[in-house]
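A quick write-up on the structure given underneath.
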Amino acid sequence: MKRVMWAAAVVTALLAMTAAARADNYKNFRVAVYFVNAAQQYNEQQLQQQYDRITSQVKIDKVYIEVYRSRRFADENAIEPVKKFFTDRGIQVAGGVTLTWNDSGQFETFSFANPEHRAECQKAVEMAARHFDEVILDDFFFYATKTDADIAAKGNRSWTQYRLEAMRDAAENLVLKPARAINPKIKMVIKYPNWYEHFQASGYDLDQEAKAFDGIYTGTETRDPLVTDQLLQQYESYEIFRYFNNIKPNGGDHGGWVDTFNVTYVDRYAEQLWDTAFAKAPEITLFNWTTLAGGGRGNQPVPPGARQQWANQKTSFDYDAMVKGFQGPGAPGYARVAGYSLEQVDAFLGKLGKPIGIAAYKPYQSSGDDFLHNYLGMIGIPIEMQPTFPEDAKMVLLTESAKADPDIVAKIKKQLTQGGNVMITSGLWRALQGRGIEDICELEYTDHRVAISDFLNAYGAGNGQRLNAEGENTPPQPAILFPEMRFYTNDSWVLVRGVASGKGFPILLMNKYSKGIFYVLVTPDNMGDLYNLPAGVTRVIRSYLMQDFPVRVDGPARVSEFAYDNDTFIVESFLPTETKVTVNAKSGVGHLRNLVDDSVIEAQPAAGTRGRFGRGGGGGGAQESRFEVTVMPHSYVPLRMEK
């Protein structure tokens with residue numbers, strides 16, 4: 001009897017020690033690891049070795065144990081031993097299911113018109129529900145097949161309409177009802193991928209489907225922006241979580257998910273993790289267990305990749321320090337890159353408030369100006385995307401996707417008559433021609449295209465101010481192709497004008513309507529050309545769009561701002577070189593405090609109040625505090641505004 005009591009006491013002590021170890025993990029977020037095919041070939045010795053490798057590099061709180069992927073079912077007898085392995089070590093467990101017929105190459109989803117596929121989908125979900133109280137669906141629960149059965153089932157509906165309806169049915173009758181019938185306590189979570197602009201065409205439904213599940217998860221993996229599918233811009237790792245968090249608020253968006261694929265330089269993996277954390281994701285999932293359990297190549301550390309240009313500079317991710325500081329078995333791999341990066345941001349993340357940004361309305365099941373919000377984020381405009389019209393915002397940004405709202409013109413008018421401002425893109429103007437937008441402003445989107453490389457600033461009548469680089473006598477190259485929009489003189493006013501062969505073309509227009517101001521931003525045919533605009537042009541665009549924002553960062557493209565409601569903000573550079581930016585803070589700010597090293601940046605001497613070409617364009621106004629901030633390559637600087 002004494003031996004039993006002693007053994008029980010030892011177990012209790014060990015569990016207490018484990019709980020304490022978990023309490024020592026990151027303070028501002030949890031870290032989970034997704035384990036592909038976790039229970040297919042269970043080997044406790046191998047699993048222990050992998051566990052030791054991973055936990056020596058990154059602190060983990062949770063493991064998602066996958067039971068099905070691409071026609072491969074787990075050995076159901078092994079699921080409970082795998083669960084026990086982790087729970088014995090104080091790690092939370094949840095189930096994972098990847099509902100796809102084939103997840104390699106050109107993905108083959110389930111055909112939800114095929115009875116065999118439907119049965120296998122339900123069988124996989126039921127297996128997970130028997131063993132877990134929480135189950136996440138990896139991001140393959142969409143519909144892309146066009147078999148004869150699919151074509152017949154679609155009938156006269158569009159593919160988008162058919163797939164949305166079919167996936168709502170599949171979610172309810174193949175996933176949620178079967179899972180809850182087996183396990184009434186279960187929480188079903190659906191992970192959505194990063195290509196949100198096109199979701200509805202494959203049946204992903206951020207409206208009804210997201211509401212039906214107990215939680216959602218966000219794919220914040222953006223990988224390399226130049227060579228991978230969709231060419232996703234780095235800012236999306238932040239912005240997509242903010243959007244999904246507004247779709248499923250109050251903890252409904254459980255976290256952000258990052259993988260190690262297509263990382264051409266190791267800092268790119270760190271950046272995705274940082275930006276997910278900057279968006280205030282409560283949990284960050286690392287994909288995948290076996291990848292993280294490996295090291296670099298043999299006994300070599302994870303390769304640094306193409307980072308030679310900034311390798312010897314003091315960047316936020318210090319590769320040499322990461323390697324030298326590693327104390328675990330073998331060589332540091334991607335798990336250590338994750339651990340090193342997350343330790344850094346966890347040290348100051350708690351000092352940041354709630355994220356804020358320019359209110360941008362993107363309705364459910366909408367597309368247009370594909371991923372433009374992320375390009376705007378990459379030229380220093382913080383975005384807070386929302387699925388409902390932000391009626392309480394002073395400035396509302398609308399891209400072409402807002403055309404999906406049949407009442408959008410009425411909502412624009414209401415915003416303006418109540419004293420708010422609206423900025424729309426030329427793409428949205430084109431889509432709204434003939435829908436009543438002309439009641440606000442008579443413009444014409446033409447079929448002409450103009451190559452522009454020279455830009456002028458203006459506000460009213462008189463001379464413009466050149467916006468090309470200071471001291472530059474010739475326009476920058478290359479020229480940028482813009483659509484031509486025609487306007488009536490003195491009805492609308494040009495704030496930024498492009499000039500080509502002696503003729504002017506509007507880039508940013510304003511029109512006063514009722515108590516508000518209506519702006520139209522003419523975007524390049526290739527939105528990536530926003531990066532090729534002179535810094536003076538993007539500075540003026542920011543000054544109008546962010547005229548009521550507490551802080552504005554003026555610098556080159558590929559420098560982003562993340563702002564919070566407690567006078568804190570982050571400047572992050574995705575450039576390969578050291579960069580100097582100007583921070584324009586609200587009146588009364590005397591210095592900026594670095595939240596990493598506690599150093600202080602003092603305000604520059606006052607340059608006078610805003611003039612006719614300044615923010616708001618009307619002359620006068622409150623004086624801004626200006627600061628010069630240096631950002632190292634692929635690095636961030638977190639700052640707090642203080643008096």
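The values are calculated or read from the model by the stated rules, or taken from the named source; none is laboratory data. Note that this is a predicted model, so its numbers are computed, not measured. Positions of Cβ are generated from backbone atoms using ideal geometry, with glycine treated the same way; all protein chains shown enter the neighbour counts. Only protein heavy atoms, including side chains, enter the accessible area calculation; ligands, DNA and RNA are left aside. Shrake-Rupley method; radii C 1.70, N 1.55, O 1.52, S 1.80 Å.
A few points about this structure:
- Hits in the range 22-49 (condition: part of a helix (DSSP H, G or I) and out of contact with any Phe, Trp or Tyr (no Cβ under 7 Å at 6 or more places or on another chain)): ARG22, ALA23, GLN45, GLN46, GLN48, GLN49
- Looking across the range 329-344, the residues that are over 24 Å from the mean Cα position of the chain (by Cα) and open to solvent by 20 Å² or more (accessible area, probe 1.4 Å) come down to PRO329, GLY330.
- Boolean, SER56 is closer than 25 Å to GLY333 by Cα and modelled with pLDDT under 95: no
- Within the range 513-535, the set of residues being out of contact with any Asp or Glu (no Cβ under 8 Å at 6 or more places or on another chain) and either in a helix (DSSP H, G or I) or of a type in the set (S, T, N, Q) (or both) comprises SER514, ASN526, GLY528, ASP529, LEU530, TYR531, ASN532.
- Any hit, the range 327-337, residues being within 25 Å of PRO524 (Cβ to Cβ) and either acidic (Asp, Glu) or touching a residue at least 40 places away in the same chain (Cβ under 8 Å) (or both): no
- Among the residues making up the range 101-126, those that are modelled with pLDDT of 95 or more, among the charged types (D, E, K, R) and farther than 14 Å from TYR143 by Cβ are GLU116, GLU120, LYS123, GLU126.
- Within the range 145-159, tally of residues that are open to solvent by less than 50 Å² (accessible area, probe 1.4 Å) and either farther than 18 Å from THR100 by Cβ or at pLDDT below 95 (or both): 3
- The single condition among (1) open to solvent by less than 10 Å² (accessible area, probe 1.4 Å); (2) under 30 Å from LYS280 (Cα atoms); (3) outside any helix (DSSP H, G or I) that ASP392 does not satisfy is (1).
- The listed residue being open to solvent by 20 Å² or more (accessible area, probe 1.4 Å) and either in contact with a strand residue (DSSP E or B) (Cβ under 9 Å, 6 or more places away or on another chain) or in a loop (DSSP other than H, G, I, E, B) (or both), out of LEU592, LEU575: LEU575
- Matching residues in the range 300-325 - criterion: being among the polar types (S, T, N, Q) and open to solvent by less than 50 Å² (accessible area, probe 1.4 Å): THR315, SER316
- Scope the range 187-206; condition under 14 Å from the mean Cα position of the chain (by Cα) and assigned to a helix (DSSP H, G or I); matching residues: TYR196, GLU197
- Residue list for the range 495-520, filter: open to solvent by 10 Å² or more (accessible area, probe 1.4 Å) and either free of Cβ contacts under 8 Å to residues at least 60 places away in the same chain or among the aromatic types (Phe, Trp, Tyr) (or both): ARG497, VAL499, ALA500, SER501, GLY502, LYS503, GLY504, PHE505, LYS512, TYR513
- Scan of the range 509-528 for residues that are polar (S, T, N, Q) and touching a helix residue (DSSP H, G or I) at 6+ places or on another chain (Cβ under 6 Å), ordered by number: SER514, THR523
- Annotation note: of GLY427, GLY434, the sole residue that is in a helix (DSSP H, G or I) and within 23 Å of PHE482 (Cα to Cα) is GLY427.
- GLU66 meets each of the listed conditions (1) modelled with pLDDT under 95; (2) in contact with a Gly (Cβ under 6 Å, 6 or more places away or on another chain) apart from (1).
- Residue ID - nearest to TRP289 (Cα to Cα), chosen from residues in the range 90-121 that are open to solvent by 60 Å² or more (accessible area, probe 1.4 Å) and touching a residue at least 24 places away in the same chain (Cβ under 8 Å): GLN92
- Among the residues making up the range 210-241, those that are assigned to a helix (DSSP H, G or I) and of a type in the set (S, T, N, Q) are GLN230, SER237.
- Tabulated pairs, the range 529-551, first of a type in the set (A, V, I, L, M, F, W, C), second assigned to a helix (DSSP H, G or I), C-beta under 7 angstrom, 6+ apart or interchain: LEU530/TYR375
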